[in-house]
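Asker: Take this structure first; my questions come after.
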Amino acid sequence: MTTIAPGKDPEPVLVRRPGPEELHPSRTHRRRRALELSLAVAVPTALILLWQLAAAQAWIDPRVYPAPSTVLSDGWDRAAAGDLWPDVWATLRRVLAGYAIGTATGYALGLLMGSLSLVRAALEPLLDALYVVPKLALLPVFLNMFGLGEGPQVALVATTVFFFVWISTMSAVIAVPSGHRDAGRVFGASPWQMFRHVLLPASLPSVLVGARIAAGVAVLVIVASEQIAATDGLGHLIFDSRALFQNDVMFVGIVCVAVLGVLFSELVRVLGRLLTPWAPRDRGRGQS
């Protein structure tokens, strides 16, 4: 829009009119969330329907790739009969135990190494070398240490989670601006106060991002470990049913692993948002 002041040369004046986001922020946010939710549901639903159609029309061999309806029916029957839950519980308890150990040790050492440069100089080269070793390659070591049973699986998950949390914690503590630390020293903050009021709030959002990534990786690692050295669990169920050519049972195990991974990752994300209300929300969600 252009206006001309009387008696003066015409000068262009740009007028920006408020858009829907400024006029109705709550309504725009609700519409955006509805669109995001619709897309999140529509895409996997379309893929499942395509899979069902392909199996029904024999575009794929249903003996090798059973239809989703067959997988759902078999999973329901196994759950109702109580055959599925022991494997789910075996995998879940190993993941939770290993995740708790790995998170605690990774956070403690990451905080220490991020705060003390001499400790970081002494331990970082060794941990960097261990980090690049494929974690499944350590399973024979843990089998020699702990024997058969829960120990090797829990140790493998704990080791995997440790490195993710350690790296994210150390990097987050190092990245805390020096001005924050200087302000704490000027106010005479004790080491505990420096941690509680400076390092923890500044680093915790990045630490929880690493913990959320570790949650998904922990599920992947335990399934691979159970396929090699376990007599129960979802990984063993998948591997054993494939060997017996029970592909419907195999897909039941795969679906259970996917659901477990999503729920575990979401739980960590929700806990992270509760612990860090000052951090920006993830997934591009707008603020109303």
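Asker: I'm told Thr91 meets every condition in (1) open to solvent by less than 60 Å² (accessible area, probe 1.4 Å); (2) at pLDDT below 90; (3) in a helix (DSSP H, G or I); (4) of a type in the set (Val, Ile, Thr) except one. Can you identify the failing condition by its number?
Answerer: The failed condition is (2).
Asker: Also, I was wondering about something else. Is it the case that Val133 is surrounded by fewer than 16 Cβ atoms within 10 Å (Cβ to Cβ) and either in contact with a Pro (Cβ under 6 Å, 6 or more places away or on another chain) or not in a helix (DSSP H, G or I) (or both)?
Answerer: yes
Asker: Which condition number does Leu148 fail, the rest of (1) out of contact with any Phe, Trp or Tyr (no Cβ under 8 Å at 6 or more places or on another chain); (2) in contact (Cβ under 8 Å) with a residue 60 or more places away in the chain; (3) within 21 Å of Met113 (Cβ to Cβ) being met?
Answerer: Against the list (1) out of contact with any Phe, Trp or Tyr (no Cβ under 8 Å at 6 or more places or on another chain); (2) in contact (Cβ under 8 Å) with a residue 60 or more places away in the chain; (3) within 21 Å of Met113 (Cβ to Cβ), Leu148 comes up short only on (3).
Asker: Among the listed residues Ala54, Ala79, which satisfies the condition of being part of a helix (DSSP H, G or I), without any contact (Cβ under 8 Å) to a residue 40 or more places away in the chain and under 21 Å from Phe264 (Cα atoms)?
Answerer: Residue meeting the stated conditions: Ala79.
Asker: Can you tell me which residues in segment 238-266 are open to solvent by less than 50 Å² (accessible area, probe 1.4 Å) and either at pLDDT 90 or above or within 12 Å of Leu92 (Cβ to Cβ) (or both)?
Answerer: Ile238, Met250, Phe251, Val252, Gly253, Cys256, Val257, Leu260, Gly261, Phe264
Asker: Can I ask one more? Among the residues of segment 148-191, which ones are surrounded by 14 or more Cβ atoms within 10 Å (Cβ to Cβ) and among the hydroxyl-bearing types (Ser, Thr, Tyr)?
Answerer: Thr159, Thr160, Ser168, Thr169, Ser171
Asker: I've got another one for you. Going by what's in this entry, would Met145 be described as loosely packed, with under 14 Cβ neighbours inside 10 Å and touching a helix residue (DSSP H, G or I) at 6+ places or on another chain (Cβ under 8 Å)?
Answerer: yes
Asker: Identify, please: which residue in segment 109-130 is surrounded by 14 or more Cβ atoms within 10 Å (Cβ to Cβ) and of a type in the set (Gly, Ala, Ser) and is, among those, farthest from Val161 (Cα to Cα)?
Answerer: Checked segment 109-130; the qualifying residue farthest from Val161 (Cα to Cα) is Ser115.
Asker: Select from segment 192-227 the residues that are within 30 Å of Gln153 (Cβ to Cβ) and open to solvent by 80 Å² or more (accessible area, probe 1.4 Å) and list them in ascending order.
Answerer: Selection gives Val209, Ile213, Leu220.
Asker: Would you check if there is a residue in segment 159-177 being of a type in the set (Gly, Ala, Ser), in a helix (DSSP H, G or I) and farther than 17 Å from Leu204 by Cβ?
Answerer: Scanning segment 159-177 turns up no residue that is of a type in the set (Gly, Ala, Ser), in a helix (DSSP H, G or I) and farther than 17 Å from Leu204 by Cβ.
The values are calculated or read from the model by the stated rules, or taken from the named source; none is laboratory data. Just so you know, these numbers come straight off a predicted model, no measurement behind them. As a convention, Cβ positions derive from the backbone with ideal geometry for all residues, glycine included, and neighbour counts pool all protein chains shown. Only protein heavy atoms, including side chains, enter the accessible area calculation; ligands, DNA and RNA are left aside. Shrake-Rupley method; radii C 1.70, N 1.55, O 1.52, S 1.80 Å.
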